[in-house]
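Notes for the one structure printed next.
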């Protein structure tokens, strides 16, 4: 069952697909989120940005998902960045699980976009 | 007509002369003569003469003596005297003695002829009158007899018609197979004039089944006490035998018939205390099959009586008429039971099996199906939304039976589906109004209670208003509402809003609870308020029971009644105990409750977030690893102590070691976020004990 606790909207910004996630991501809906994100991965785009600005909760399965995405993109030589504001509650979870050592975290969407475009 | 005259005289000359003269002058008269009173009496005894002429003076018995005898023997026969000259005194004496007339000697022939002729005429007229009178009396008597017979016949016919009419009325007024059968045995006993009757109805199940199966038979007996005492197996065998026969049977001497010798089976054991002074010996039996349309076997009637040859052909005809009435009533009752059964099953399956359990929220619900008519379309529902809010539904589909139950099912499922999609109350109402069967009409109350904010958002679509009982014991009805569902115009509904004070109780119900026929509904609503107020101190479960009992107050439940109450209380800041189904959807709920409790316990938001995350990870492990695909639960026990927050999470399963390189973050998070994490796994399950100190950031 699709849980309305999370909403996934995809927009393209300057040729880069940006997935705006909103709500709570946990074991109950992580596979739905995963399916939506895998759908938008293409070889033509320079990379993927996942915007977690409006995500209020992320559990260890969400962390796993981010790590998996990172791996898949790396194989295809695509860039992957996530956006998490400084004050976000989930930032501590990402740091505690060392996601930042694998996936670069930007505090704002603009800087994430700039990073991807610079490298492409 | 020939008249007969007797002449009595001891004078042979006169006996010669008179008859000759009479024959000559009165040819229609047959004359006999006797020469003494004694000889005359002999004839008078034998022959009813029209007149007697006698001499007064005769040897032996004289004329007066003879007259006295005649008056006794033939009081209506006129007697004429012939008296000698100078016997005037005797003549007068004879008249006094009852003589018709007298003639003096020498006989004046003309006078004698005249007076004799008159006497004969009078005699004959009188005889004629008497004959006519007798005939008349006889006729009258015959008429009376005929009238009596006809009256009796009429009365019997009227009695029979009345009895049959009464029987038909009683049978058709009866609802349900059992009532019909009881009416049938009562009627059969009355019609046949006996006190022993058994009637059975065969409930043919959908999947087939034979007449010989006792569980498929409903049986009623007269006298009532016999019902529980007869040998069921044996009576079913007899009823099946009678039911499968084409016609009924009359048996005059049951002792000579091995099938019926021991009838009623087991009934012989009826002793004192049942109105039976001695074991019953039935001699007369009357059987009658009860067949429905197309000759379908519906059941059988068996009558018994202790007297031999008790049941006449006439009684047989009446019981046959009774069986026809019984067939119609039983067919209706079976159809009714069948439909009611479907509707009840449908309705029951649509009511929630259990109410959602939520810390700080106590709920109670009762549902009473209407007793006398088909099942109604009332329903209630209560479920937790993915957002952690609690949805309450109370609805009432107009109409009854399977159709109403089906409409109710559609609405109930639609409400659940729209609610889980996250639609707000007004949007749900609009969609339901577009969805509902155009023929249908329903009232609906949909409320969403948010335990975090104590707010209630709701729509009322033509339903009786929900009631709020505040912690001070006052009550108020929640205002606002729109027309019921099924109102043709496309409508937009307005969402209503209220905030509950902690400790308040929300009460939802259907009109069956407050409506009494012939009473204004306001009176019922006022009674409900009073009842809710004076049961305010009871826990919710007990309160709904009491409210139901007091509101109905013993009156029969005509309409369905549904009652649902929710009481929201603040959480205990020192302790939280939770038990949730081990499914992923429990986890968002767990986080919300935990955050609410940590807030109540005065823990600051950042600490609360981290503790919640650690608990979530432990519980997610319980959900993900601990169980097979069966219904299981996990428990969380949280306490605030001087050392901080202590949490135990237990489940009945075994944790599996993390698999894959990317896994194992859960445990890492738990360990990073809590001061201590201990995991004890044993055959009984796994217990995770966690502790988190609260350092300085605890709010006052």
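The values are calculated or read from the model by the stated rules, or taken from the named source; none is laboratory data. Bear in mind the structure is a predicted one, so any value in this text is a computation, not a measurement. Quick reminder, even Gly has a Cβ in these numbers, built from the backbone with ideal geometry, and neighbours come from all protein chains shown.
Evaluated against (1) within 29 Å of the chain's Cα centre (by Cα); (2) in a helix (DSSP H, G or I); (3) at pLDDT 90 or above, residue B:512 falls short on exactly one condition, (3).
When residue A:54 is tested against (1) buried (at least 16 other Cβ atoms within 10 Å of the Cβ); (2) away from chain B (no Cβ under 12 Å); (3) part of a strand (DSSP E or B), exactly one condition is not met: (1). The number of residues in the stretch B:408-419 being out of contact with any strand residue (DSSP E or B) (no Cβ under 7 Å at 6 or more places or on another chain) and either surrounded by fewer than 19 Cβ atoms within 10 Å (Cβ to Cβ) or more than 14 Å from chain A (Cβ to nearest Cβ) (or both) comes to 5.
Selection over the stretch A:1-12 of residues that are within 14 Å of chain B (Cβ to nearest Cβ) and in a strand (DSSP E or B) gives a count of 2. Of the residues making up the stretch B:516-532, those that are surrounded by 15 or more Cβ atoms within 10 Å (Cβ to Cβ) and over 28 Å from the mean Cα position of the chain (by Cα) number 7.
What strands (runs of 3 or more DSSP E), lying completely within the stretch B:18-103, carry at least 3 residues that are more than 17 Å from residue B:3 (Cβ to Cβ)?
Correct list: B:79-83.
Can you tell me which residue within the stretch B:392-407, out of those that are touching a helix residue (DSSP H, G or I) at 6+ places or on another chain (Cβ under 9 Å) and surrounded by fewer than 24 Cβ atoms within 10 Å (Cβ to Cβ), is nearest to the other protein chains (Cβ to nearest Cβ)? Checked the stretch B:392-407; the qualifying residue nearest to the other protein chains (Cβ to nearest Cβ) is B:393. On the given criteria, is residue A:81 surrounded by 16 or more Cβ atoms within 10 Å (Cβ to Cβ), at pLDDT 90 or above and within 14 Å of chain B (Cβ to nearest Cβ)? Criteria not met by residue A:81. Checked against the criterion of being within 25 Å of residue B:618 (Cβ to Cβ) and touching a strand residue (DSSP E or B) at 6+ places or on another chain (Cβ under 8 Å), the candidates A:67, A:94 yield just one match: A:94.
Looking at (1) under 29 Å from residue A:99 (Cβ atoms); (2) modelled with pLDDT under 85, which is the one condition that is false for residue B:645? Single failed check for residue B:645: (2). Scanning the stretch A:34-51 for residues that are more than 13 Å from chain B (Cβ to nearest Cβ) and either within 15 Å of residue A:90 (Cβ to Cβ) or not in a loop (DSSP other than H, G, I, E, B) (or both) gives A:35, A:36, A:37, A:38, A:39, A:47, A:48, A:49, A:50, A:51. Taken over the stretch B:675-700, the criterion of being in a strand (DSSP E or B), at pLDDT below 85 and surrounded by 12 or more Cβ atoms within 10 Å (Cβ to Cβ) is satisfied by B:681, B:685. Go through the stretch B:533-544 and give me each residue that's outside any helix (DSSP H, G or I) and crowded, with 16+ Cβ neighbours inside 10 Å. Answer for the stretch B:533-544, where residues must be outside any helix (DSSP H, G or I) and crowded, with 16+ Cβ neighbours inside 10 Å: B:535, B:536. Note on the stretch B:618-642: among residues that are within 16 Å of residue B:680 (Cα to Cα) and within 14 Å of chain A (Cβ to nearest Cβ), the one that is modelled with the lowest pLDDT is B:626. Within the stretch A:13-32, residues that are within 11 Å of another protein chain (Cβ to nearest Cβ) and without any contact (Cβ under 8 Å) to a residue 60 or more places away in the chain have Cβ atoms under 8 Å from residues that are surrounded by fewer than 19 Cβ atoms within 10 Å (Cβ to Cβ) and assigned to a strand (DSSP E or B) in these pairs: A:23/A:7; A:23/A:54; A:23/A:56; A:24/A:56, counting only partners at least 6 apart in sequence or on another chain. Of the set (1) in contact with a helix residue (DSSP H, G or I) (Cβ under 8 Å, 6 or more places away or on another chain); (2) surrounded by fewer than 19 Cβ atoms within 10 Å (Cβ to Cβ); (3) within 23 Å of residue B:13 (Cβ to Cβ), all apply to residue B:98 but (3).
Taking the listed residues B:123, B:160, the one that is in contact (Cβ under 8 Å) with a residue 60 or more places away in the chain, within 30 Å of residue B:64 (Cα to Cα) and surrounded by 10 or more Cβ atoms within 10 Å (Cβ to Cβ) is B:123, with no other qualifying.
Only one entry in B:438, B:424 is within 14 Å of chain A (Cβ to nearest Cβ), more than 23 Å from residue B:580 (Cβ to Cβ) and surrounded by fewer than 19 Cβ atoms within 10 Å (Cβ to Cβ), namely B:424.
Inspect all residues belonging to the stretch A:89-100 and state whether any of them is part of a strand (DSSP E or B) and away from chain B (no Cβ under 13 Å). Checked the stretch A:89-100: no residue is part of a strand (DSSP E or B) and away from chain B (no Cβ under 13 Å). So which residues in the stretch B:596-614 are surrounded by 19 or more Cβ atoms within 10 Å (Cβ to Cβ), within 11 Å of chain A (Cβ to nearest Cβ) and either more than 23 Å from residue B:680 (Cα to Cα) or in contact (Cβ under 8 Å) with a residue 60 or more places away in the chain (or both)? The answer is B:608, B:609, B:610, B:613, B:614.
Does residue A:70 satisfy being within 14 Å of chain B (Cβ to nearest Cβ), crowded, with 17+ Cβ neighbours inside 10 Å and in a loop (DSSP other than H, G, I, E, B)? No: the conditions fail for residue A:70. Would you call residue B:113 over 24 Å from residue B:130 (Cβ atoms), touching a helix residue (DSSP H, G or I) at 6+ places or on another chain (Cβ under 9 Å) and either free of Cβ contacts under 8 Å to residues at least 60 places away in the same chain or part of a loop (DSSP other than H, G, I, E, B) (or both)? Criteria not met by residue B:113.
Selection of the stretch B:545-587 for residues being assigned to a strand (DSSP E or B) and either surrounded by 15 or more Cβ atoms within 10 Å (Cβ to Cβ) or within 14 Å of another protein chain (Cβ to nearest Cβ) (or both) yields B:561, B:562, B:563, B:564, B:565, B:566, B:567, B:568, B:576, B:578, B:580, B:581.
Would you confirm, using the coordinates I've provided, whether residue B:450 is more than 43 Å from the chain's Cα centre (by Cα) and in contact (Cβ under 8 Å) with a residue 60 or more places away in the chain? The answer is yes for residue B:450.
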